[in-house]
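Reviewing the structure listed below.
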Amino acid sequence: MTRPAIQTVDVPLGERAYQIHIGGGLLARAAEWVAPVLRGREIFLAVDANAMEPHGRTLAEALRPLGRVEIAIIPPGEESKCVAQLDALWDRLSGARFGRNAAVVAVGGGVTGDLVGFAAASYLRGVDFIQVPTTLLAMVDSSVGGKTGINNRHGKNLLGAFWQPRLVLADTDTLATLPMGERIAALAEIIKYGVIYDAELFRWLEANIAALRDLQPAAIAHAVRRSCAIKADVVTQDERESGLRQILNFGHTVGHAIENVAGYGTLRHGEAIAVGMIVESALGLGHGPAWTTAEHQRLVALIAAAGLPTMLPAGLDLTLPQLFAAASSDKKNRGTGTKYIVPRALGTVEAVTIADDVVAPLLLAAGAKP
Ligand SMILES: NC(=O)c1ccc[n+]([C@@H]2O[C@H](COP(=O)([O-])OP(=O)(O)OC[C@H]3O[C@@H](n4cnc5c(N)ncnc54)[C@H](O)[C@@H]3O)[C@@H](O)[C@H]2O)c1
Ligand SMILES: [Zn+2]
């Protein structure tokens, strides 16, 4: 199979501008892209345990000619986004006397990227950060945009910082070891980009969803590049999330509520978002003349074809009062009422505040309990 050429997405954030490189075989050649952004000769790799072999090791070997390379292993799982893991990273960095010219590199999924990014943002008041996403979700979502952070017992991502990476290397070969369920969950975010921003991407997904599930290199590279470009475009216009960036939340008001009530880890994030998109898409019917039952049905069909759920799984008894309480306490829901991002047309969405009694029948149709 021929390899697609390496593709690059520019994130034009002024003096914080950086590039995202996407393609197969990047890790073994990483020095080509890391050397130009490296200030000193100190590299700290923080690697998800599940990504260490072979990906972390390949990267470490590739970077060794550039200087000292230290490796910290991050235990897999959301629980690692905690103060104890952050403290362990600070301790390793300061214990090994990493200086202000050090580069901290996160190798793994969104958990590793968020945790390690916050360590980079805070160590010595901020050192250079490089993202090497090894999950499809991290490639299309969490490695772009500069949000870093950890959780505490009151909620997810409550502590953190905006800290842009200096470079993102998305080596699509790393996805070969990723479990199928993780790949499929990330498809929800890619479908989201089509609905909120890019009708052409949506149509391309309708034709290529099977190729994506099979990790066909050209299809993966295209989907990752378009997703990064869209997220970068949105984030560049609204780096600190005061307006436009909220469109990325399509499917997430309901999806977060589902995750929150079900208990984190019951459903994958992407699975909750898939159901959330279907509910919020239905809320869009009647809001824009170009979002009709036909478009809604196409979205449902695409979600199903991706292998994502279109309803809450049977046996998961989430009630309307629980879901509404969770939705209105979402930190992204400011002001009165509950805000949803709803489609107006394929590729265009808007934020609207909608009363619970309008949303209730749609949640029931999605499998919620009264
Ligand atoms: N910063 C942001 O803007 C942003 C955006 C979206 C999500 N997030 C965060 O991202 C996290 C979810 O990210 P995720 O879905 O990547 O989950 P994850 O980081 O937990 O990774 C999923 C699983 O895949 C494993 N893994 C990683 N790379 C692998 C590989 N190449 N081969 C085999 N296994 C591998 C991990 O060990 C883990 O078990 C959440 O904490 C979420 O809050 C952040
Ligand atoms: Zn999401």
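The values are calculated or read from the model by the stated rules, or taken from the named source; none is laboratory data. Predicted model, so just to flag it, every value in this text is computed and none were measured. Don't worry about glycine lacking a Cβ; one is built from the backbone with ideal geometry, like all the others, and counts go over all protein chains shown. Note: areas computed on protein heavy atoms with side chains; ligands, DNA, RNA excluded. Shrake-Rupley method; radii C 1.70, N 1.55, O 1.52, S 1.80 Å.
Here is how the numbers come out for the structure above:
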quantity: Enumeration of residues in segment 137-162 that are away from ligand 2 (no atom under 16 Å from the Cβ) and surrounded by fewer than 21 Cβ atoms within 10 Å (Cβ to Cβ); calculated: 152, 153, 154, 158, 159, 161, 162
quantity: Check on residue 107, touching a residue at least 12 places away in the same chain (Cβ under 8 Å) and near ligand 1 (Cβ under 9 Å from one of its atoms); calculated: yes
quantity: Residue match in segment 145-158 (condition: within 13 Å of residue 109 (Cα to Cα) and within 11 Å of ligand 1 (Cβ to nearest atom)); calculated: yes
quantity: Neighbours by Cβ (under 8 Å, 6+ apart or cross-chain): first from segment 57-84, of a type in the set (Lys, Arg); second surrounded by 17 or more Cβ atoms within 10 Å (Cβ to Cβ) and in a helix (DSSP H, G or I); calculated: 81/111; 81/114; 81/115
quantity: Enumeration of residues in segment 195-228 that are within 16 Å of residue 11 (Cβ to Cβ) and either open to solvent by 50 Å² or more (accessible area, probe 1.4 Å) or modelled with pLDDT under 95 (or both); calculated: 197, 225, 226
quantity: Condition check for residue 127: surrounded by 21 or more Cβ atoms within 10 Å (Cβ to Cβ), aliphatic (A, V, I, L, M) and touching a residue at least 40 places away in the same chain (Cβ under 8 Å); calculated: no
quantity: Selected residue [within 16 Å of ligand 1 (Cβ to nearest atom), under 24 Å from residue 215 (Cβ atoms) and either in contact with a Cys (Cβ under 7 Å, 6 or more places away or on another chain) or modelled with pLDDT under 95 (or both)] from 9, 47; calculated: 9
quantity: Residue count for segment 103-136, restricted to those that are β-branched (Val, Ile, Thr), more than 16 Å from ligand 2 (Cβ to nearest atom) and not in a strand (DSSP E or B); calculated: 4
quantity: Members of segment 233-258 that are within 14 Å of ligand 2 (Cβ to nearest atom), under 10 Å from residue 351 (Cβ atoms) and open to solvent by 10 Å² or more (accessible area, probe 1.4 Å); calculated: 246, 247, 249
quantity: Scan of segment 22-43 for residues that are closer than 24 Å to residue 175 by Cβ and assigned to a strand (DSSP E or B), ordered by number; calculated: 22, 23, 43
quantity: Residue match in segment 88-102 (condition: in a helix (DSSP H, G or I), open to solvent by 10 Å² or more (accessible area, probe 1.4 Å), small (Gly, Ala, Ser) and touching a strand residue (DSSP E or B) at 6+ places or on another chain (Cβ under 6 Å)); calculated: no
quantity: Inter-residue pairs, beta-carbon under 9 Å, first within 24 Å of residue 197 (Cα to Cα) and in segment 249-276, second assigned to a loop (DSSP other than H, G, I, E, B) and within 9 Å of ligand 2 (Cβ to nearest atom), 6+ apart; calculated: 272/251; 273/251; 274/251; 275/251; 276/251
quantity: Helices (runs of 4 or more DSSP H) wholly inside segment 277-370 containing at least 1 residues that are of a type in the set (Ser, Thr, Tyr) and either open to solvent by 40 Å² or more (accessible area, probe 1.4 Å) or within 21 Å of residue 187 (Cα to Cα) (or both); calculated: 293-305, 320-329
quantity: Criterion (over 22 Å from residue 166 (Cα atoms) and open to solvent by 20 Å² or more (accessible area, probe 1.4 Å)) met by exactly one of 32, 42, 70, 78; calculated: 78
quantity: Scope segment 229-265; condition at pLDDT 95 or above and not in a helix (DSSP H, G or I); matching residues; calculated: 250, 251
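Every residue, every condition in (1) in a helix (DSSP H, G or I); (2) near ligand 1 (Cβ under 10 Å from one of its atoms), yes or no:
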{"position": "139", "(1), (2)": "yes, yes"}
{"position": "164", "(1), (2)": "no, no"}
{"position": "201", "(1), (2)": "yes, no"}
{"position": "215", "(1), (2)": "no, no"}
{"position": "225", "(1), (2)": "yes, no"}
